Each structure stands twice: as structure tokens, then as C-alpha cells.
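Everything below concerns the one structure shown next.
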Amino acid sequence: MKPVGKLLCATGIVAGVLAFFWKDPFKPESLSGARVLLTGASAGIGEQMAYHYARFGAEIVLTARREAVLQDLQGKFFTMKWHKRRVGDGDGPFVSLLFLLSTGGLDYLVLNHIGVTRFQMWAGDVEYTRWLMQVNFFSYVALATAALPTLEKNTGSLVVVSSLTGKIPTPFTTSYSATKFALDGFFSSLRHELIMQKRNVSITLCILGLIDTDSALENTRGKVHLTASPAPEAALAIIRGGATRVPEIFYPWWLQHVCYLWALFHNDGDEVLRSYYNYSSP
Ligand SMILES: NC(=O)c1ccc[n+]([C@@H]2O[C@H](COP(=O)([O-])OP(=O)(O)OC[C@H]3O[C@@H](n4cnc5c(N)ncnc54)[C@H](OP(=O)(O)O)[C@@H]3O)[C@@H](O)[C@H]2O)c1
């Protein structure tokens, strides 16, 4: 056999042995009865996470601004214990969180909501950026801060939904990308501090690529040459990441390699990256 053949055979055998001994660390039954606060649950990935958590038997509190949509979801979850809360831009999320903290605690805080995203060239609207920072970043910091003591008591988990644009800057996402980079900076630093203080709360940062939610597809239509991945799978990847207490998850999985490559070669990679975005100069 040629050396290449031997190498392929050896790789195959090693992969086979690893696959045989590999045990999935995710135990869905661990979520049965888990107390979850999930933000941005009325649509998209949040809605899909709500279905998964319900299927796994978690007790969930869903938050969003549109109460009527949460009412519709209630019909679908008729077997599950749940509460709905209306959440707005300001202090609203605290209403749900305080409710949970006062009625038996919290095991998972899943921060997923975002304000309306403009997928376009920077047009100079500083006020919009300030507002988006409030919704996408400061509200996450405030909610996590309020929940930390209870999560610590329950050896709980903080799950923060972010984006590839929070690792690699991309066109048309100036303000959004800034909010997601801020999440990485804050929560990755906080993770260090919790470990240094031996406080047993996990923080999982979720790095997602383009996902086929209505809002994302509408925003990006005609502007990108990218294929969107399915929201139910993205939702499950986030839930698995939180339940297995890993520091980061990437969905789809190969985004992690994209990030490594970009870190090594981003001067050359930037031009390739821009080729995935559609823009004709005026
Ligand atoms: N879809 C993608 O391609 C993609 C890619 C990377 C990362 N992500 C991340 O995944 C998460 C979910 O994205 P998605 O596409 O599922 O979003 P989505 O479908 O637009 O849903 C956003 C959710 O946030 C709520 N929301 C909207 N404005 C709000 C506000 N001002 N205050 C509080 N809540 C508000 C919405 O409900 P109401 O309108 O009822 O409030 C809705 O439940 C986000 O963190 C996003 O950054 C998504």
C-alpha cells in the first residue's frame, strides 16, 4: 500500500475508534423540570428554542413584546408549565426575571432577543446605534447581573446568543456587529472572573451564522450570497451548549474553523468575505 493509502487507513481507524467511544455529553433528561427564562421567544430561533425546551420538560418563562403572539404559543404548549410575560425595550425583562427569582428560582437564563436590525450601509444614525446597544447589549448585562446570585445558588447557566458578526466584522452590520462584539467582550471577561472566583455559573456564548428566520431572510434578501441554516437546528445547538456548559458553540459547526482561518489570514480573507455581499456603487 502507498504511504497516502496507509495514512488514510490509519485516519479512518482512529476516527472509527473515537466514534465508538464517544459519548454524547448532552442529556436531554437533565432539562426536565429545569427553570428557564428565555427572551425573544415570540419568533425565529427563540420560538424554536421554546418548542425544544417544552419537549424536554423544562419549565419556561417566555418573554417578548407582542403578547398576542405569546398567547398563540400558549395554545401549542398546552401540556407544559409555562408563563408568558410582555417585555419591552426598557425595564420590561426585569418583570419576568423578578417574577422567576421570587417564585422558586432559575436554572437557565437564555438571552436571545434583538432590536430591529438594519442590514444596510452605515448612514450615520448614531441614535439608532445607541438604542440598539441598549436592546442588544445593556439589557443582557442588566438581566445577567440580576440573575447571577440565583444562578450561582442553583449551579445554573447563562446562555448568550451572538453571531459570527460578533467575531468577524461583516458589511451592512455596523451597529449590530458592534453590539455582538460587546457581548463577547463582556461575557467572555465575566466567564474568566467567575472561574477565578470559583463561582459555578457557566456562560455559553453562541456564535451563529445566517439562520433562516423570517427577519434574517427579509433583511438579507438579494444582499448576500450565503445559504441560511435551519432555525430548529440552531435552537437545539444553543440548548445543547447551555446544558453541557461549554464556553462557546458555533452553528453551523464549521464556523469555528472560519474564525480560526480569519484570525490567521484576515488580510487576505477580507476580500473573499466581501465577495459574499452584493453591492453596486450608486
Ligand atoms: N437569524 C439569523 O440569521 C441570526 C444569525 C446570527 C445570530 N442570530 C441571533 O439569534 C438571535 C435570534 O435571532 P432571530 O433571527 O430569531 O430574531 P427574530 O426572529 O427577529 O426574533 C427576535 C425576537 O426578539 C424580540 N424583540 C424584537 N425587538 C425587541 C425589543 N426591542 N425588545 C425586546 N425584544 C424584542 C422579538 O419579539 P417581539 O417583536 O414580540 O418583541 C422576537 O421574539 C439574536 O440574538 C440574533 O442576533 C440570528
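Take residue 18 and decide whether it is assigned to a strand (DSSP E or B) and either more than 24 Å from residue 219 (Cβ to Cβ) or modelled with pLDDT of 85 or more (or both). Quick ask: steps written out before the conclusion?
Working: assigned to a strand (DSSP E or B): no; either more than 24 Å from residue 219 (Cβ to Cβ) or modelled with pLDDT of 85 or more (or both): yes.
The answer is no for residue 18.
Looking at segment 191-200, is at least one residue modelled with pLDDT of 95 or more and in contact with a strand residue (DSSP E or B) (Cβ under 8 Å, 6 or more places away or on another chain)?
Checking segment 191-200: at least one residue is modelled with pLDDT of 95 or more and in contact with a strand residue (DSSP E or B) (Cβ under 8 Å, 6 or more places away or on another chain).
Take residue 263 and tell me if it is surrounded by 12 or more Cβ atoms within 10 Å (Cβ to Cβ) and hydrophobic (A, V, I, L, M, F, W, C).
Details: surrounded by 12 or more Cβ atoms within 10 Å (Cβ to Cβ): no; hydrophobic (A, V, I, L, M, F, W, C): yes.
Taking the combined requirement at face value, the residue does not satisfy it.
Check segment 216-232 and report whether any residue there is under 22 Å from residue 37 (Cβ atoms) and more than 11 Å from the ligand (Cβ to nearest atom).
For segment 216-232, residues under 22 Å from residue 37 (Cβ atoms) and more than 11 Å from the ligand (Cβ to nearest atom): present.
Name the residues in segment 179-199 that are touching a helix residue (DSSP H, G or I) at 6+ places or on another chain (Cβ under 7 Å) and either near the ligand (Cβ under 8 Å from one of its atoms) or in contact (Cβ under 8 Å) with a residue 24 or more places away in the chain (or both), would you? Steps first, please.
Pass one, segment 179-199, residues touching a helix residue (DSSP H, G or I) at 6+ places or on another chain (Cβ under 7 Å): 179-184, 186, 199.
Result: 179, 180, 182, 183, 186, 199.
Hey, among the residues in segment 71-128 that are away from the ligand (no atom under 16 Å from the Cβ) and of a type in the set (Phe, Trp, Tyr), which one's modelled with the highest pLDDT?
Out of the qualifying residues, it is 122.
When the residues of segment 4-53 are filtered to those that are within 14 Å of the ligand (Cβ to nearest atom) and of a type in the set (Val, Ile, Thr), which remaining residue is nearest to residue 106 (Cα to Cα)? Before the answer, list the steps.
Applying the first criterion (within 14 Å of the ligand (Cβ to nearest atom)) to segment 4-53 yields 37-52.
Subset that is of a type in the set (Val, Ile, Thr): 39, 45.
Numbers: 39: 14, 45: 21 Å.
Across segment 4-53, the extreme among qualifying residues is 39.
Every residue, every condition in (1) of a type in the set (Asp, Glu); (2) in contact with a Ser or Thr (Cβ under 6 Å, 6 or more places away or on another chain); (3) without any contact (Cβ under 8 Å) to a residue 40 or more places away in the chain, yes or no:
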position	(1), (2), (3)
98	no, no, no
108	no, yes, no
117	no, no, no
122	no, yes, no
129	no, yes, no
134	no, no, no
145	no, no, yes
148	no, no, no
152	yes, no, no
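Determine which single condition residue 131 fails, assuming it passes every other condition in (1) at pLDDT below 95; (2) within 16 Å of the ligand (Cβ to nearest atom).
(1)
The values are calculated or read from the model by the stated rules, or taken from the named source; none is laboratory data. Given the structure is predicted, the values throughout are model-derived calculations rather than measurements. All Cβ positions, glycine included, derive from the backbone under ideal geometry; neighbour counts span all protein chains shown.
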